[in-house]
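Just below is one structure, and these are the notes that go with it.
The values are calculated or read from the model by the stated rules, or taken from the named source; none is laboratory data. Values in this document were obtained by computation on a predicted structure and should not be read as measured data. Neighbour counts run over all protein chains shown; Cβ positions are idealised from the backbone, glycine included. Ligands, DNA and RNA are excluded from the accessible area calculation, which covers all protein heavy atoms including side chains. Shrake-Rupley method; radii C 1.70, N 1.55, O 1.52, S 1.80 Å.
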Amino acid sequence: MFFVGWVFFLFIFPFTVVLRLFGFLLTSLAAWYLGYFVAAHVPRNTVSMAALQEIGKKPVLRAPAPKRQKCGLWAPCPPGNFAYRILSGGGKRRRPKICFEDEDHMCYYDSTDHSREMMDFIRKAPEGTLLLMATHDDGSSRLNDDAKKLVEELGSKEIKNIKFRSSWVFIAAKGFKLPDNIQKEKINHCDQTKNRYKGWPAEIQIEGCIPRNLI
């Protein structure tokens, strides 16, 4: 009985192995043929998986970089207008700056008589002149009452209110009137509890557009 069973086992075992081996070879052959078929029939410029993944992503909208305007204004001046910006001084090293039609001018005069120079400049300026002014250490002590009165006659409301190291900017017209809708003057007083710099208030500025036909 044992001998017959053992012989029967010898005949069954080889047949199972052959069947499995045949199945493995058949599967491998099918996979190879499928790969060959895909490589032969799919175009080479087929979209990659990375590209397919990109298609599924939401598009990212990016705003274009803002175009620089004259004197760094946020919006361009209408045609037929001058662009300007007046920036006061701040701290020991930040000098006043005046920009007119995109040309920057550093405002600094090494003088012992600022009042006389200012009055001479204003009086000699011809009719139809724009006057742009800014202070930096120190308009309250270096401008006498006559100079302040002359600036007041140009329309300043704050020139006589300037205190020690006050930041002050002003635009005036000689011989014509500026539009009412533009900011003509601004002041910021020195305050030890609010100063941006040690002993100095923050800079201030005014900017805008002035119609050319006024001049």
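Keeping all protein chains in place, calculate the accessible area per residue for region 71-215 (probe 1.4 angstrom), answer in Å².
60 Å²
Between R116 and W74, what's the calculated FRET efficiency when r is the beta-carbon distance and R0 is 35 Å? Round to 0.05.
That pair, R116 with W74, gives E of 0.35.
Between D145 and K174, what length in nm is gained on full extension when 0.36 nm per residue of separation is reduced by their alpha carbon distance?
My answer for the length gained is 8.4 nm.
Provide the FRET efficiency to the nearest 0.05 for the D138-D104 pair, computing r from the beta carbons and using R0 = 35 Å.
The value I calculate is 0.90.
Name the aspartates and glutamates eligible as straight-distance cross-link partners of K148: C-alpha to C-alpha under 19 Å, and not fewer than 8 places from it in the same chain.
Those aspartates and glutamates meeting the cut-off are D113, E117, D120, D137, D138, E158, E185.
Using the Karplus curve 6.51 cos²θ - 1.76 cosθ + 1.60 with θ = phi - 60°, what ³J(HN,Hα) values do you get for each residue of region 199-211, in whole Hz, with x for Gly and Pro?
Karplus values, whole Hz, x for Gly and Pro: x, 9, x, 5, 5, 10, 8, 10, 8, x, 10, 10, x.
For labels at I215 and L131 in the simple 7 Å Cα→Cβ model, what's the distance in nm?
Taking the two extended label points, one gets 1.6 nm.
Which value, in Å² rounded to 10, gives the accessible area of C190 with a 1.4 Å probe and all protein chains present?
The value for C190 is about 40 Å².
Which percent of the accessible heavy-atom area of region 67-208 goes to carbon and sulfur, probe 1.4 angstrom?
The nonpolar share, carbon plus sulfur, comes to 48 percent.
Could I have the simple spin-label model distance between Q192 and K163, label points 7 Å from Cα toward Cβ, reported in nm to one decimal?
In this crude spin-label approximation the distance works out to 1.2 nm.
Taking H placed 1.01 Å from N in the peptide plane, check which residues at least 5 places from S166 or on another chain put their amide H under 5 Å from its amide H.
Residues meeting the amide H criterion: G139, S140, C190.
Which pairs in the list K124/K157; K97/K184; K70/K157; K92/K174; K160/K184; K163/K194 are over 20 Å apart, alpha-carbon to alpha-carbon?
K124/K157; K70/K157; K92/K174
What net charge do the residues around G80 carry, taking every other residue with its C-beta under 15 Å from that of G80, with Lys and Arg at +1 and Asp and Glu at -1?
Result for the neighbourhood of G80: +1.
For region 169-215, state the semi-axes of the equivalent ellipsoid (square roots of 5 times the eigenvalues of the alpha-carbon gyration tensor), sorted largest first and rounded to whole angstrom.
Gyration-tensor ellipsoid for region 169-215: 31, 9, 8 Å.
Less than 11 Å Cβ to Cβ from I159, Lys/Arg counted +1 and Asp/Glu -1: what total charge do the surrounding residues give?
Combined, the nearby Lys, Arg, Asp and Glu give -1.
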